[in-house]
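Structure record follows, encoded as structure tokens.
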Amino acid sequence: VQLQASGGGLVQAGGSLRLSCTASGRTFSTYTMAWFRQAPGKEREFVASITSGGSTYYRDLVKGRFIISRDNAKNTMYLQMSGLKPEDTAVYYCAADPRQTIIERISASYAYWGQGTQVTVSS
């Protein structure tokens, strides 16, 4: 599986962005998918995940501001981000794993990773 993340950019605080992650392969619909982010000098952290059945899970700090979704017909996962804050600035990575029962908030749970897309929020 190859993952391609896109949609990052520079936005002012309070603004919105939508990230996309497009996957190769025919079994995308069965994968658990997630977004992680890494700010300079910090460890990679979990943002949100979505199972093959559509169940979602969010980091507390982004609840109510970010929405994760997937379109299996397009092999694409999305992260709609609104109310962006300077502390959301990071490289955002998409991740995928074929297993259904994983610890979704842990990066080591995921077998496949995209290359990352930069999100910068100015104050």
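In this structure, ALA108 and GLN2 have a Cβ-Cβ separation that, at R0 = 30 Å, corresponds to a calculated FRET efficiency of about 0.95. Rolling a 1.4 Å probe across all protein chains gives TYR57 an accessible area of roughly 90 Å². Sorting SER123, SER55 on solvent-accessible area from highest to lowest, probe radius 1.4 Å, gives SER123, SER55.
Check the straight Cα-Cα distances from LYS42 and name the lysines below 19 Å, setting aside those fewer than 8 residues away within the same chain. Once the sequence-local lysines are set aside, what remains near LYS42 is LYS85. Computed over every Cα-Cα pair of the chain and binned at 5 Å starting from 0, the pair-distance distribution P(r) comes out as 2, 13, 24, 26, 20, 10, 5, 1, 0 percent.
Projecting the Cα atoms of GLY54, GLY7, THR120 onto the dipole axis of the chain, where Lys and Arg carry +1 and Asp and Glu carry -1 at the beta carbon, places GLY54 farthest toward the positive end.
Annotation: VAL11 carries an accessible surface of approximately 20 Å², with a 1.4 Å probe and no ligand, DNA or RNA atoms counted.
Label-to-label distance, GLN80 versus GLN118, with points set 7 angstrom from Cα along the beta-carbon direction: 2.7 nm.
Could you work out the relative contact order of the range 1-65? I mean the mean sequence separation of Cα pairs under 8 Å and 6+ apart, divided by the number of residues, in percent. Once normalised by length, the contact order is 22 percent.
The values are calculated or read from the model by the stated rules, or taken from the named source; none is laboratory data. For clarity, every value in this text was computed on a predicted model and none was experimentally measured. Quick reminder, even Gly has a Cβ in these numbers, built from the backbone with ideal geometry, and neighbours come from all protein chains shown. The accessibility values were calculated without ligands, DNA or RNA, using every heavy atom of the protein model including side chains. Shrake-Rupley method; radii C 1.70, N 1.55, O 1.52, S 1.80 Å.
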